[in-house]
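In what follows, a structure is listed as structure tokens, so that the remarks can point back to it.
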Amino acid sequence: MQRIPVAGPWITEKEVRYVADAAATAWYENANAYVTKFEKAFAEYIGVSHAVSLPSCTSALHLALVALGIGPGDEVIVPDLTWIASSAPISYVGAIPIFADINPTSWCLDPESVEKRITPRTKAVIAVDLYGNMPDMRSLASLGRRHGIALIEDAAEAIGSEFAGRKAGSFGDTGTFSFHGSKTLTTGEGGMLVTNRADLHERVMRLRDHGRNPGDRMFVNHEVAFKYKMSALQAAFGLAQLERVDELLSRKRDIFGWYQARLGNVPHVVLNKQHPTTNSVYWMVTAIVDGALRKSKETVMERLAAAAIDSRPVFNPLSALPAYREYGGPDIWRSRNPVTYSLAPWGVNLPSGLNMTEELVSRVCEALLDALELKAR
Ligand SMILES: Cc1ncc(COP(=O)(O)O)c(C=O)c1O
């Protein structure tokens, strides 16, 4: 039986052609041509003034924090339910991650919980567009303004999603994207930082190239910084994908629609839901199973694997991870972030790669219902 992977891209002859062209031509006076084109097209697509290509979204979040001047002793609020890449850069700069709860419908950062976590040491909030969904960006932006706290939007999983008609990544002081191979738009590995702030753009351009000013030919380093640059080959790949972004997003929405048609009315199973003003791209179709069924994510994943179907667990609460044991662990954070702790054990990401067909989605849904010992309605 054909194994169904959990994620993967949609690559056409166009990507291959652009990368081959970059391999042949992106040298000498053309060395930066693809990088510049990709950054310009990306900024236009998101609707922001500047885009800076980087090796990953993790490096984008790192530079965002450095450029905003966040450092030792500062506190940065981050949702408890996300991939550790959203929070690890907080530790890179010596700051302290503070975990806030999520909204039970969007599964994204809850502004009320954020407000409770604000202290005089809070310098930034990292809002994550989890699985392509978005938090209430209007409330988070106004909260940031009221308290004088920077807003960073981790849109790693949400290229093309919109909140109140504005694209994911365009809210706040800066936004970040991932082009990892599992993402809707990929460059293999890669990332982008976007911003409307000229000061942040200037600083990030310098920070990504060992403290040199853009265009510097005299090798003058103004500060000790980082080497975080994207190659022309990756940028060519990304440009081809960006020129196809509408078809990539439309396939993602079709995939969610196929799951929704089969699982939408099944009792005890909840699929991704969104705020009425959000238009999600459904990066990962996710099923949260009613805890009353006593089918943990580990059990469901094992049963799907037996049917040759790969899946992923919904992220574990950051505050429960061994990596963050110094912040007190679940004994402290479970009662502070009850929604995160109530959903995390029961959620599974279903195959959402761009190679999914309606037949494959049917196979996954049947296997899931078997795993849960449920019948479709
Ligand atoms: C929410 C979130 N933030 C950040 C990242 C980090 O992206 P990258 O792997 O490009 O560093 C990811 C990617 O897995 C992610 O899902």
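What follows is calculated from the coordinates using simple rules that are stated; it is not laboratory data. Note that the structure is a prediction, hence the values are computed from the model and not measured. Methodologically, a virtual Cβ is constructed for each residue, glycine included, from the backbone with ideal geometry; neighbour enumeration extends over all protein chains shown.
For LYS14, the lysines whose Cα falls under 23 Å of its own Cα, not counting residues fewer than eight places away in the same chain, are LYS37, LYS40, LYS183, LYS252. Counting only Cβ charges, +1 for Lys and Arg and -1 for Asp and Glu, the dipole size of segment 212-339 around its Cα centre is about 120 debye. Over the Cα atoms of the chain, the radius of gyration divided by the Kirkwood radius equals 0.98; this is the Rg/Rh ratio.
Computed over segment 132-265, the Cα gyration tensor eigenvalues convert (square root of 5λ each) into semi-axes of 32, 22, 10 Å, ordered from largest to smallest.
Volume of the convex hull of segment 39-165 (Cα atoms only), normalised per residue: 103 Å³.
Can you say what percent of the DSSP beta bridges in the chain, counting only those with both residues inside, are antiparallel? Round to 5.
55 percent
As an exercise, take the mean of 1/r over every pair of distinct alpha carbons in segment 236-377, invert it, and state the Kirkwood radius in angstroms. Kindly include the intermediate steps, with their values, before the conclusion.
Details: mean 1/r = 0.0600 Å⁻¹.
The Cα-based Kirkwood calculation yields 16.7 Å.
Between GLN2 and ALA261, the FRET efficiency from the beta-carbon distance, with R0 = 22 Å, is close to 0.50. Restricting the calculation to alpha carbons of segment 119-209 gives Rg and Dmax of 13.5, 40 angstrom. If you take every residue apart from GLU112 with its C-beta less than 11 Å away from the C-beta of GLU112, what net charge results, scoring Lys and Arg +1 and Asp and Glu -1? Counting the neighbours of GLU112, the net charge comes to -2. Averaging the Cα positions of each part gives two centres, and for segment 179-231 and segment 1-44 these lie 18 Å apart. Convert 20 °C to kelvin, take the viscosity as 1.002 mPa s, use the Kirkwood radius over C-alpha pairs of segment 1-86 as Rh, and evaluate the Stokes-Einstein diffusion coefficient in µm²/s, rounded to a whole number. D = 127 µm²/s. In summary, the lysines within cross-link reach of LYS375, defined as a Cα separation below 25 angstrom excluding same-chain residues under 8 places away, comprise LYS273, LYS295, LYS297. The Cα atoms of segment 61-127 define a convex hull whose projected area, averaged across directions, is 4.0 nm².
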